[in-house]
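The block underneath contains the structure these notes are about, expressed in structure tokens.
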Amino acid sequence: MNGKLRNLAGKVKEAISATAVLVGDLNGDGKVDHEDAKIAAKWAKKNASAIGDEAAKVGKEALQSEMVRDAAAGAAVGAAIAIPIPVIGPLAGAAIGAGLGVYKNILRKDSNAHQAKEQPAVPKDVHTELLKFDDLRQKSIITDAEFEIQKSRLLGSN
């Protein structure tokens, strides 16, 4: 029995070694050596650099977000206010302030969206728009009734 277990352990060791060579032999010479480590280090450096560049790009975009600015402002205020309060402390105050900054941003966006829905879009040049619709009417692309509807919409008497 002992011999069978040793034989099995030897086979497992061979399988693990073969797997390590398959996974670690990056230059295809049949062994895992210093050259493979150099290849792995070069690959890791290249990919770490690319990931770092992408993270920096995403970070710059995030910093331009209104929500991030509101969160940062809220965190600064929360940290400053919480300094004299020993139970909360500046770290918790910053977290609470950041949450309130995000909440403020969401409320502002909802308010802006609501105002945008209430105010109809007004063309910058009503005269030009009327001329376009009149041209469409004269070319029989739209009917007189459709022209009147568009005219009423443009002039705000809808």
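Below 9 angstrom from the Cβ of Asp25, what's the summed charge of the other residues (Lys, Arg +1; Asp, Glu -1)?
In short, -2.
Listed values for the stretch 143-150 are Karplus-derived 3J(HN,Hα) couplings in whole Hz (6.51 cos²θ - 1.76 cosθ + 1.60, θ = phi - 60°), namely 7, 4, 5, 5, 4, 4, 5, 5, and x replaces Gly and Pro. Positive contributions from Lys and Arg (+1) and negative ones from Asp and Glu (-1), summed over other residues with Cβ under 15 Å from the Cβ of Val68, come out at +3.
Any read-out appearing in this document is the output of simple, stated calculations on the displayed coordinates, not a laboratory observation. Everything quoted here is computed from the prediction, not taken from an experiment. All Cβ positions, even for glycine, are placed from backbone atoms using ideal geometry, and neighbour counts span all protein chains on display.
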